[in-house]
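Visitor: To start, I am sharing the structure in question, which I have written as structure tokens.
The values are calculated or read from the model by the stated rules, or taken from the named source; none is laboratory data. Since this is a predicted model, take the numbers as computed values, not measurements. Because the Cβ atoms are built from the backbone with ideal geometry, glycine has one as well, and the counts that use them run over all protein chains shown. Please note that ligands, DNA and RNA were not included when accessible areas were found on the heavy atoms of the full protein model with its side chains. Shrake-Rupley method; radii C 1.70, N 1.55, O 1.52, S 1.80 Å.
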Amino acid sequence: MAQEYSVRTNKDNIDGLARGTMASDSDNSKAIPFKICLIGNSNTGKTCIVERYVNGQFKEKGANTLSAAFNQKILTVQPDGFAPTKVKMQIWDTAGAEEYKAINKLYYQKAAIILLVYSTSDYESFDSLQDWAREVDENAEQKCIKFVVGAKSDDTEAEETVPKSVGVEFAKRLGATYFLTSAKTNSGISNLF
């Protein structure tokens, strides 16, 4: 079941980003669909980010996503100078395993926002972002907004961590916005969405 929240934003944040058809449930029949796709290697925290945002929960151990998982959340936004508008956040959590990459490309289509997620405690997941970004460039809408997301920032016991400055620099090269998050502590999750 979709949860409903109210936020204020400016009109530029939502102009031109809604994709697809109008929502069909009777209570939210006028909600504007807004597709968000999370991509990145397996075990980077994509599912935990979505679970924390949509349901307000954190699960320490979960199964790997197979193909993709769909979640949604209804928001009421009020662009400056405009009436409140309902937006249906359609959140696609894609599988990070290599065998699903061909299928994942289908989920990028018509996405308003793509979150490129890596684990701050896993350099390999960060290094793979270049390949994920290339797939986005080849398969997503040209107008889609890209975010680079450093997940698991709470993992202070990791031997090697990817410094925030490295993630920020990579995001700049992509023309993306950088976010540092922890689904476990709920740090940065609401700012991300």
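Visitor: For residue 141 and residue 173 in one chain, what is 0.36 nm times their gap in residues minus the Cα-Cα distance, to one decimal in nm?
Guide: Gain on stretching residue 141 to residue 173: 9.7 nm.
Visitor: Relative to the present Cα-Cα distance, how much length would full extension add between residue 154 and residue 123 at 0.36 nm per residue of separation?
Guide: 9.6 nm
Visitor: May I pose another question? Using the per-residue mean of other Cβ atoms lying within 10 Å as a proxy for protection, in what order, highest first, do the peptides 74-87, 139-152, 116-129 fall?
Guide: Packing proxy ranking, top to bottom: 116-129, 139-152, 74-87.
Visitor: Output ³J(HN,Hα) for region 127-138: one whole-Hz value per residue in order, computed from phi by the Karplus curve 6.51 cos²θ - 1.76 cosθ + 1.60 with θ = phi - 60°, and x for Gly and Pro.
Guide: The phi angles translate into 4, 6, 4, 4, 5, 5, 5, 5, 4, 4, 4, 7 Hz.
Visitor: Which value, in Å² rounded to 10, gives the accessible area of residue 52 with a 1.4 Å probe and all protein chains present?
Guide: 40
Visitor: Once you put a point 7 Å from the Cα of residue 110 and another 7 Å from the Cα of residue 187, both along the Cβ direction, what distance in nm separates them?
Guide: About 3.8 nm, to one decimal.
Visitor: If I take R0 = 25 Å and measure r between the Cβ atoms of residue 130 and residue 43 in this structure, what FRET efficiency does the formula 1/(1 + (r/R0)^6) give, to the nearest 0.05? Spell out each step's value before the answer.
Guide: Values: r = 18 Å, r/R0 = 0.74.
So the FRET efficiency works out to roughly 0.85.
Visitor: At what distance in nm do the modelled label points of residue 58 and residue 82 sit from each other, each positioned 7 Å from its Cα along Cα→Cβ?
Guide: 3.4
Visitor: Using only the heavy atoms of the protein chains and a 1.4 Å probe, how would 136, 166 rank by accessible area, largest first? Before the final figure, lay out the partial values.
Guide: Values: 136 5, 166 50 Å².
Ranked from most to least accessible, the order is 166, 136.
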